[in-house]
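The values are calculated or read from the model by the stated rules, or taken from the named source; none is laboratory data. Keep in mind that this is a model prediction, so the values were computed, not measured. As a convention, Cβ positions derive from the backbone with ideal geometry for all residues, glycine included, and neighbour counts pool all protein chains shown.
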Amino acid sequence: MMTLRELQYLIALADHRNFRRAAEACHVSQPTLSTQIRKLEDELGVKLVERAPRRVMLTPAGQDAVERARRILHEVAQMQEAARRGQESEAGSLRLGVFPTLGPYLLPHVVPRIRDRFPRLELLLFEEKSDALVSRLIQGSLDAAFLALPVHDTHLHAELLFEEPFLVAVPPGHPLAAQDKLTLPELRHHNLMLLEDGHCLRDQALEVCQLSGARETSEFRGTSLETLRQMVVAGVGITLLPALAVQGKGQGGENLHLLEFVDSRPSRQIALVWRRTSALEPLLRQLADVCKALPPSLFSPLEAGQRKGENAYPD
């Protein structure tokens, strides 16, 4: 009869494509793992792997078996987690992902609130780009993730938390620095510095460019929001920044001027996303409620006195 351990061995072999490394990952000897794989092949009546001298390749049947094995082991883990949660609610660990243009600005506000609300919950945080977070959610190596909408996957549930407006950041000598507000059409003849490919914020900024008629600066692409901000401070150009990224201290002083949109108010929607089958859904909904309770002033930094380098949190 097929066992969960055999499925674990098959997945390890698929991940490492080498019997020795797969055996080490499973903490068994190589002959033991090889024997169990052959036993699984005999039980299924089909060849799962092609054994070459230096590497292992999965057959089409093997690839299908690995995908099914991952789903089976994930469901077993969910069953175990649900049973454990039933015995001890709001305890254990939670693997939570966040993307780089949100994490440094959101987490300092939400993590203390989560810890206060769930004092026995161990929070494990992972920062990766959005595509990687979605993959890890589907594979089961994350329990939930903060993501920007839309998220196109029917296996995932997205709980909207808040809408974060975009601001235009310009250096003091820029023509736009003479005003505090602007409309989308006013960006038509300007070039914006954007992030490099792979950041969801780049796609959102490109949408703003398309709507306004603005263009991307072709000579530079930032690797982070902090890089873009420092380039504005240095007078190199202008950019879009989400509201949370300009909260708090050290936002550039008199070398950074922020403008808010007064017409369509471009923004991004942030959601907490988890698998629809997750056994942690009751806990995740409570966590989402904690995030929804963040003060609205976090998303209106200009109203908090942070336009021309003013500090929203004076000493």
Practice task
Check Ala25, Ala77 and return the single one that is crowded, with 17+ Cβ neighbours inside 10 Å and under 33 Å from the mean Cα position of the chain (by Cα).
Solution key: Ala25
Handout entry: Which listed residue is surrounded by fewer than 20 Cβ atoms within 10 Å (Cβ to Cβ) and within 23 Å of Val273 (Cβ to Cβ), from Asp180, Asp203
Key = Asp203
Exercise for the section: Look through Pro100, Pro108 and report the one residue that is surrounded by fewer than 16 Cβ atoms within 10 Å (Cβ to Cβ), modelled with pLDDT of 90 or more and closer than 26 Å to His199 by Cα. Expected result: Pro108
Problem - strands (runs of 3 or more DSSP E) lying entirely in the stretch 187-269 (those with 1 or more residues that are acidic (Asp, Glu)) - result: 215-222, 257-261
Handout entry: Positions within the stretch 105-123 being out of contact with any helix residue (DSSP H, G or I) (no Cβ under 8 Å at 6 or more places or on another chain) and either within 19 Å of Leu147 (Cα to Cα) or aromatic (Phe, Trp, Tyr) (or both), in sequence order
Key = Leu107, Pro108, Val111
Fill in the blank from the handout: For Arg136, the lone unmet condition from (1) assigned by TED's automatic domain parsing to the domain that holds Leu283; (2) touching a strand residue (DSSP E or B) at 6+ places or on another chain (Cβ under 8 Å); (3) within 28 Å of Pro295 (Cβ to Cβ) is (3)
Exercise for the section: For Ala279, indicate whether it is at pLDDT 80 or above, among the small types (Gly, Ala, Ser) and in contact with a strand residue (DSSP E or B) (Cβ under 6 Å, 6 or more places away or on another chain). Expected result: no
Practice task
Would you check which residues across the stretch 1-16 are more than 11 Å from Gln36 (Cβ to Cβ) and modelled with pLDDT of 90 or more and list them?
Solution key: Leu4, Ile11, Ala14, Asp15, His16
Exercise for the section: Could you tell me which of the residues Gly222, Gly235 is surrounded by 19 or more Cβ atoms within 10 Å (Cβ to Cβ) and either closer than 28 Å to Leu133 by Cβ or of a type outside the set (D, E, K, R) (or both)? Expected result: Gly222
Practice task
Assess whether Leu240 counts as being crowded, with 20+ Cβ neighbours inside 10 Å and not assigned by TED's automatic domain parsing to the domain that holds Ala148.
Solution key: yes
Practice task
Could you tell me whether the stretch 283-303 includes any residue that is β-branched (Val, Ile, Thr), closer than 30 Å to Ala234 by Cβ and modelled with pLDDT of 90 or more?
Solution key: no
Exercise for the section: Pairs only if they're at least six apart or on different chains, beta carbon under 9 angstrom, first in the stretch 64-80 and outside the structural domain of Ser141 (by TED's automatic domain parsing) and over 15 Å from Ala12 (Cβ atoms), second among the hydrophobic types (A, V, I, L, M, F, W, C) and surrounded by fewer than 16 Cβ atoms within 10 Å (Cβ to Cβ); list them, first residue then second. Expected result: Val76/Leu4
Handout entry: Failed item in (1) at pLDDT below 90; (2) surrounded by 18 or more Cβ atoms within 10 Å (Cβ to Cβ), with Leu133 passing the rest
Key = (1)
Exercise for the section: Please work out if Leu142 is under 15 Å from the mean Cα position of the chain (by Cα) and either surrounded by fewer than 18 Cβ atoms within 10 Å (Cβ to Cβ) or more than 30 Å from Asp180 (Cα to Cα) (or both). Expected result: yes
Practice task
Go through the stretch 157-191 residue by residue and tally those that are touching a Leu at 6+ places or on another chain (Cβ under 8 Å) and under 11 Å from Leu241 (Cα atoms).
Solution key: 6
